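Read the structure below first, then the notes.
The values are calculated or read from the model by the stated rules, or taken from the named source; none is laboratory data. The structure presented is a predicted model; accordingly, all values stated were derived computationally and were not measured. A quick note on method: Cβ atoms are made from the backbone with ideal geometry, for glycine too, and the neighbour counts reach across all protein chains shown.
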Amino acid sequence: MGNQLFDQQFMHGGDYNPDQWLAYPEILQKDLAYMQQAHVNTVTLGVFAWSALEPQEGVYRFDWLDRVFDQIHSIGGKVILATPSGGRPQWLSQKYPEVNRTNAQGQKHSHGFRHNHCYSSPIYREKVTQINQQLAKRYGKHPALAMWHISNEYSGECFCSYCQENWRRWLQKKYGDLATLNHAWWTSFWSGTYSDWSQVLPPSPLGEHKVHGMDLDWKRFVTDRTIDFYLHECTPIRQLTPDIPVTTNFMAEGHATQDFIPLEGIDYSKFARHVDIVSWDSYPDWNNNFESLAATAMKSAYVHDQYWSLKKQPFLVMECTPSFVNWHSINKAKKPGVHQLSAMQQIAHGSDSTLYFQWRQSRGNSEKFHGAVVGHDDSTENRVFKEVAAYGKRLEKIKEIQGTTRKKAVAILFDWESNWALKRGGGFGRPTRRYPQTLQEHYRYFWEQDIAVDILTPEQDFSDYQLVIAPMLYLMTAETMAKLCQYTEAGGTLISSYFSGMVNETDLLYLGGLPQPLRGLLGINVLELETLFDTEHNQVVFQGQPFETRDYSAIIEAETAEVLGEYQADFYQGTPAITKNAFGAGTAYYLAARTNYDFFEQFYASLARELSLAEERIAHANPEVSIQGRISPERTYFFIMNFSEKEQTLDLIKEVVDLETNQAVPPTVTLAPYEVRVVYFNN
Ligand code: GLA
Ligand code: ZN
């Protein structure tokens, strides 16, 4: 094991809960030996250890953690130390009930299990500061300490009186006076005008609330409150250990469905500004019964790319399972080889770690059947352990890739706020909005073609990308419109679509059709947005071929734009469905209809040719084999990943060397099912 975590070493290891095993010293001894066998170099400690660290108020017990720190250090390992606020001790909830969360109905939670505390409670904040201070003082200089892991999977909201007070203060700061708030929220509707700040409550729990601007602001407030709590946790840590990097683990959602997407509830683009390194907990549904492995891999790749793009820097996979989870209704093990494949995919997309939840399977309670590196059999001979160890060994062989960057010419824009507004909007097709899922359909083309993509927010700088894909940007600020115009004018290629530029930042409709900057940029006006039943379809002819449409048809008229495709049926038959507008040195396309994937294949293939997007490829694309690259100043690396159950053969178009064997790779590569090869060429 290396000494310096960031010194060309991928982190391999994960959540380790010795606090559950303090009465089993022989288990703790074995853990150390097993970790070495599994090529583990990093453990995350203390995530849920508050009651072991502070069994009574103000009484701290660090002896056990001191021992574990020293033991991990003795085997050359590193510690990611968590602050324990994700799971409070019983005494704290009992003595200070205010620390428990209040739900939207105004009911105070009882202690419950974890993750249900209030972000505003002064007492909770004080207690968190105290324990964090103790941890930072005690372990801040320990040579094994590599990083802070603040709390765990922040999420949720609280409606207690403290939080309500903060909500009103947040609004007062944002709007200044009630007249501005009343206008921004259009409260004249249904007689909702506020005449006093004390009338301003959080969104009503009964679902009958009607103020969309309020819903949007509440979500912004929840993000800000969460970040505020996180920053509060960080204060003593930043003071006492200014050189230790800080992260908190982000999440994805849509598990056990076909919708695996980044978490929607918290605006991570804001949160990411406050962490030193982005990390996330990656649980795609490998080996499910509803889609191909390649389909799962594409969505997993998308989430990795989005989390890469938050800082455009290597991130960490803070949790993943070596085998199965416990929280689906059917919990399927990864098939032999899939762990290595899915974990290599993390690295390929820019992760500098593979960390597991969990090192050792818990003996009791809700996670006792969650996958772990060491199972209840306490054996290093089982399949899962052996696969983890083999993977850890491989990571050591490719460690020179750690810390390297990625290069991308295509960006997709995603906006958390626009997503919230669009989902809340009512009207049109309620279940068919599917904004992030639609972005994934665009993304799929590039993933299948091995063209790397960043997923940025409109606030980020996208001026350097050759292609910017920004469909369904429903909420658009004047700044975003100006940025899209500047980007295109300077020579960029922009993709826009139905459901774009409809509302401002408080969810008020723009009046007078498509707002002017977009109208000039796209060379069209939007007349109507027609919604289709799920059994209803139209057709668009594009490049001489018919493509079926579904869900939405914007009915538009072309002003300066060239019409590339027209609707074939219905009352808007013969009107434009696909347009292209020259704008400055660039081009802006508008996709008025929602189409199936076959259209994207055709459409983006032409664009990819025109913009030479596939030039950096090392092989002809195969949709079941994904190739993703990372770059150092000296070398360009590629992960060639077979996301299929069958053998695949690839023809290389560039000469590359196998990083693990240092042998030149022959021009035809055969990959076994699930196989991953790591290759490079010198720049
Ligand atoms: C989350 C949590 C972990 C654990 C895993 C189980 O990611 O952070 O503590 O509960 O889920 O998959
Ligand atoms: Zn609260």
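The criterion of at least 3 residues that are among the hydroxyl-bearing types (Ser, Thr, Tyr) is met, among helices (runs of 4 or more DSSP H) falling completely within segment 167-285, by 212-240.
Can you tell me which residue is surrounded by the fewest Cβ atoms within 10 Å (Cβ to Cβ) among those in segment 86-123 that are part of a helix (DSSP H, G or I) and within 14 Å of ligand 2 (Cβ to nearest atom)?
Initial filter on segment 86-123 (part of a helix (DSSP H, G or I)): 86, 90-95, 97-99, 122-123.
With the extra rule that they be within 14 Å of ligand 2 (Cβ to nearest atom), the set shrinks to 93, 97-99, 122-123.
Values: Ser93: 19, Pro97: 14, Glu98: 17, Val99: 25, Pro122: 12, Ile123: 15.
My answer is Pro122.
On the stretch given as segment 400-418, residues that are charged (D, E, K, R) and surrounded by fewer than 16 Cβ atoms within 10 Å (Cβ to Cβ) total 2. Counting the residues of segment 148-164 that are within 16 Å of ligand 1 (Cβ to nearest atom) and not in a loop (DSSP other than H, G, I, E, B) gives 2.
Among the residues of segment 153-178, the ones that are farther than 20 Å from Asn103 by Cα and either touching a Ser or Thr at 6+ places or on another chain (Cβ under 8 Å) or in contact (Cβ under 8 Å) with a residue 60 or more places away in the chain (or both) come to 1 in all. Being over 29 Å from the mean Cα position of the chain (by Cα), in a strand (DSSP E or B) and more than 30 Å from Glu400 (Cβ to Cβ) is the requirement here; does Ser606 meet it? No. Scanning segment 563-576 for residues that are loosely packed, with under 14 Cβ neighbours inside 10 Å and closer than 27 Å to Met481 by Cβ yields a total of 0. The number of residues in segment 630-641 being buried (at least 21 other Cβ atoms within 10 Å of the Cβ) and either outside any strand (DSSP E or B) or not hydroxyl-bearing (Ser, Thr, Tyr) (or both) comes to 5. Of all residues in segment 215-265, which are more than 18 Å from Gly156 (Cβ to Cβ) and among the charged types (D, E, K, R)? Residues satisfying the conditions are Arg238, Asp243, Asp259.
The single condition among (1) farther than 19 Å from Thr531 by Cβ; (2) buried (at least 16 other Cβ atoms within 10 Å of the Cβ); (3) hydrophobic (A, V, I, L, M, F, W, C) that Ala421 does not meet is (1).
Selection of segment 17-61 for residues being assigned to a helix (DSSP H, G or I) and within 16 Å of ligand 1 (Cβ to nearest atom) yields Pro18, Asp19, Gln20, Trp50, Ser51, Ala52. Within segment 256-285, being in contact (Cβ under 8 Å) with a residue 12 or more places away in the chain, of a type in the set (D, E, K, R) and closer than 20 Å to Glu417 by Cα holds for Asp259, Glu264, Asp267, Lys270. The listed residues are Thr535, Thr549, and the only one of them that is surrounded by 15 or more Cβ atoms within 10 Å (Cβ to Cβ) and either hydrophobic (A, V, I, L, M, F, W, C) or not assigned by TED's automatic domain parsing to the domain that holds His304 (or both) turns out to be Thr549. Against the numbered list (1) closer than 17 Å to Pro576 by Cβ; (2) crowded, with 18+ Cβ neighbours inside 10 Å; (3) touching a residue at least 40 places away in the same chain (Cβ under 8 Å), Glu559 comes up short only at (2).
Of all residues in segment 349-384, exactly one satisfies the criterion of being under 14 Å from Cys320 (Cβ atoms) and assigned to a helix (DSSP H, G or I), namely Val384. Figure legend. Inter-residue proximity from segment 195-206: first residues assigned by TED's automatic domain parsing to the domain that holds Thr180, second residues part of a loop (DSSP other than H, G, I, E, B), beta-carbon distance below 7 Å, spacing 6+ or different chains. Indicated pairs: Val200/Tyr194; Pro202/Phe159; Pro203/His209; Pro205/Ala104; Pro205/Gln105.
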